[in-house]
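The structure appears below as structure tokens.
The values are calculated or read from the model by the stated rules, or taken from the named source; none is laboratory data. Just so you know, these numbers come straight off a predicted model, no measurement behind them. Positions of Cβ are backbone-derived with ideal geometry, glycine not excepted, and every protein chain shown enters the neighbour counts. Accessible surface areas use protein heavy atoms only, side chains included; no ligands, DNA or RNA. Shrake-Rupley method; radii C 1.70, N 1.55, O 1.52, S 1.80 Å.
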Amino acid sequence: MQTDFLVIGSGIAGLTYALMVAQRFPDRQVTIITKAAADETNTKYAQGGVAVVNDLENDSFEKHIEDTLIAGDGLCNRAVVEIVVKEGPARVQEIIDWGAQFDKDPEGDYKLGMEGGHSEFRILHYKDVTGREMERALLAAIEAAPNISIVKHCIVIDIITQHHLGYLVTKSTPDICCYGVHVLNTATNEIEKILSGVTLLATGGNGQVYRTTTNPSIATGDGVAMVYRAKGRIENMEFIQFHPTALYEAGKRGQAFLITEAVRGDGGILRNHAGEAFMERYDHRKDLAPRDIVARAIDNEMKIGGTEHVWLDCRHMDQEKFREHFPNIYAKCLSSGIDVSKDMIPVAPAAHYSCGGIKTDEWGRSSITNLFACGECASTGLHGANRLASNSLLEAMVFAHRCFLAAVDPAPGSHWLAHHPPATGGAPAPVEARPAVPDWNARGTSEPKEMILITQSLKELQQVMSDYVGIVRNTVRLQRAMRRIDLLFEETEALYQASTVSPQLLELRNMITVGYLITKGASFRKESRGLHYNVDYPGKSDMVENIVL
Ligand code: FAD
Ligand code: SIN
């Protein structure tokens, strides 16, 4: 298969880019590959909304920029923060024009929500299902675009580079180039080769590396692992954001239901098992302090009390307003036997968002020529050491647009590595001009005899990451984690070399790589900053730097 524009991922980042490219080039083919159903994405589960400056009487770009920089704890790239905040309103208008709705008051003005770390009310939302609404609108627009096709239930294995032509490719190879991808079609179990002019990775996050996460099962860090294997640059992986308030359900692993921060924005109060509103002991912003602070405070309260959760108290809130703003949470709680007007909600932190990822420049270009990245899989410089709440849908839209501009126009800014030739640009390289890439070679492999080798390794990885590379870290735990991950890597590579590939094996392999990158970044960072807290290095170092692997 050949396509002019190849998009991996059908969340907000991939769909936004695909629509822009397809509208600009009606006679070119845009192909979106996604490993599950089209809407099974982190995007679909987004609740709180999109942070964007809308009310210029009370808010300003400067305030949003400042809030983002404060949350990022010294590591944000200021130029990128300014880009995202200032270009944000136009991108939000675009998705509104494509049909997405946001809540309005009776006067027709947008209702603006509040979340942790924001100095003003600026969160556009659609009840507590903002992401579902945005995904719906984007997929409807995609459906209407004749030159976009979505290939579902196909998992990309690796990007194709000179390595697949038999050349030695290392981290210092100057011009690694992406020619396309290898894909496992889960319907036929065949491995297919897709050659492309320009490829965009929009593969989302990696929450599944941990035992509990707000992320759905697709969030296995595939894009990051692929780029790392292809010898591209990965950055700041140690900054994993734990959302303070996932619904606690005893014994549950995997995806946990989120209780949006907007509930605290509307007045919800965290309490420990003694009933104390403990956040005032940790930060003057109390329940609306940035997430790293709230998650660590909850972790500490749980450790002191020997409990598996704390409580979120909404009993004092206007219940009619609660049901109107949070119908999904209200229904979920009720179905779990929790009446929020009478009962407190049991909550605990869960892995939520990856601030680091594939290093890009301000046009979404990765270190690999013809390969762009945007959305959660990318590290653009916006989030620094901690993402400000509701900045990620915004970032995904702004950078999808920037990737689009850079993919179609040869020179919007210079390339981030001087020795790299600029990405192919405007007219994407005719696919026919790509070198002859050999087909996938499955010689010598056979069906794995026991799935337990895969499922048990995954459990071990999630356990190690949660216990040793979680909210609070120390040197001994990180060393232990690295030794165990090394062993899992060795065993899984051996299995991979001998087995016909399956989605489970591919994802395990990717998650081990991502676990390794998080642990490596955490071990290199000899300080505590933003989301990375190491009790052996409780202060900040004077050297403010990104860790690039
Ligand atoms: P995703 O939406 O996750 O899409 C990734 C896509 O890549 C999927 O289609 C997946 O199938 C595909 N894919 C992955 N690997 C492969 C592969 N190997 N082959 C083929 N396809 C692949 N952010 C906010 O700004 N505001 C919020 O209110 C908010 N709330 C959130 C609530 C929850 C519960 C969660 C989980 C996240 C929330 N976030 C929020 C974060 C935000 O939703 C995500 O960061 C954002 O949606 C990511 O979009 P994306 O397009 O990068 O990736
Ligand atoms: C939430 O609604 O609390 C999540 C918002 C985000 O992750 O940005």
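Would you mind checking the pairs LYS449/LYS520; LYS63/LYS332; LYS44/LYS303; LYS286/LYS332 and listing those with alpha carbons more than 28 angstrom apart?
Beyond 28 Å between Cα atoms: LYS449/LYS520; LYS63/LYS332; LYS44/LYS303.
Can you pull the one-decimal nm distance between simple spin-label points at ILE96 and LEU165, each 7 Å off the Cα toward Cβ?
4.8 nm
So what is the relative contact order of region 162-240, in percent, for Cα pairs below 8 Å that sit 6 or more residues apart?
Result for region 162-240 is 20 percent.
Decide, for region 153-236, between rounded, prolate and oblate: order the square roots of the alpha carbon gyration tensor eigenvalues as a ≥ b ≥ c, take rounded if a/c falls under 1.5, and otherwise choose prolate if a/b is larger than b/c, else oblate.
In terms of gyration-tensor shape, oblate.
What are the trypsin sites (Lys or Arg not before Pro) within region 213-259 that DSSP puts in a loop, where the Cβ has at most 15 other Cβ atoms within 10 Å?
When the trypsin sites (Lys or Arg not before Pro) of region 213-259 are filtered for loop state and at most 15 Cβ neighbours within 10 Å, LYS252, ARG253 remain.
Would you mind getting me the FRET efficiency between ALA498 and ASP542? Use the beta-carbon distance for r and R0 = 51 Å, nearest 0.05.
In this case the efficiency is close to 0.55.
Write down the accessible area per residue of region 166-266 in Å², having rolled a 1.4 Å probe over the full set of protein chains.
29 Å²
Rounded to two decimals, what is the ratio between the C-alpha radius of gyration of region 183-316 and 2.2 N^0.38 Å?
1.38
Expressed as a whole percentage, what fraction of the accessible surface of region 305-419 belongs to carbon and sulfur atoms when a 1.4 Å probe is rolled over the protein heavy atoms?
51 percent
Ignoring solvent entirely, what values of log10 I(q)/I(0) come out of the Debye formula for the chain at 0.08, 0.09 Å⁻¹ when each Cα is a single scatterer?
Cα-only, vacuum Debye calculation for the chain: -0.49, -0.62.
Relative to the longest principal axis of the C-alpha atoms of the chain, give the angle of the C-alpha long axis of helix 452-468, reported between 0 and 90° and rounded to the nearest 10°.
It works out to around 50 degrees.
Based on the mean of other Cβ atoms within 10 Å per residue, sort peptides 258-271, 449-462 so the most packed one is first.
Highest-to-lowest ranking by the protection proxy: 258-271, 449-462.
As a test of reading the structure, rank ARG136, ARG387 by solvent-accessible area (1.4 Å probe, protein chains only), most first.
Per-residue accessible area, sorted high to low, gives ARG136, ARG387.
For region 476-535, run through the trypsin sites (Lys or Arg not before Pro) and keep only the ones in DSSP coil with at most 12 other Cβ atoms within 10 Å of their Cβ.
Loop-located and lightly packed - LYS526.
Roll a 1.4 angstrom probe over the protein heavy atoms and tell me the percent of accessible area of region 145-267 that is carbon or sulfur.
On region 145-267, the fraction of accessible area on carbon and sulfur atoms equals 52 percent.
Once you put a point 7 Å from the Cα of VAL437 and another 7 Å from the Cα of ASN185, both along the Cβ direction, what distance in nm separates them?
Going by the 7 Å Cα→Cβ label model, 1.6 nm.
For region 272-336, what is the convex hull volume of the alpha-carbon atoms per residue, in Å³?
With only Cα atoms used, region 272-336 gives 113 Å³ per residue.
Hey, got a sec? Which GluC sites (Glu not before Pro) in region 81-149 land in a DSSP loop and have at most 16 other Cβ atoms within 10 Å?
Answer by residue number: GLU107.
What percent does the relative contact order of region 458-549 come to when contacts are Cα pairs within less than 8 Å and at least six residues apart?
Contact order relative to length: 33 percent.
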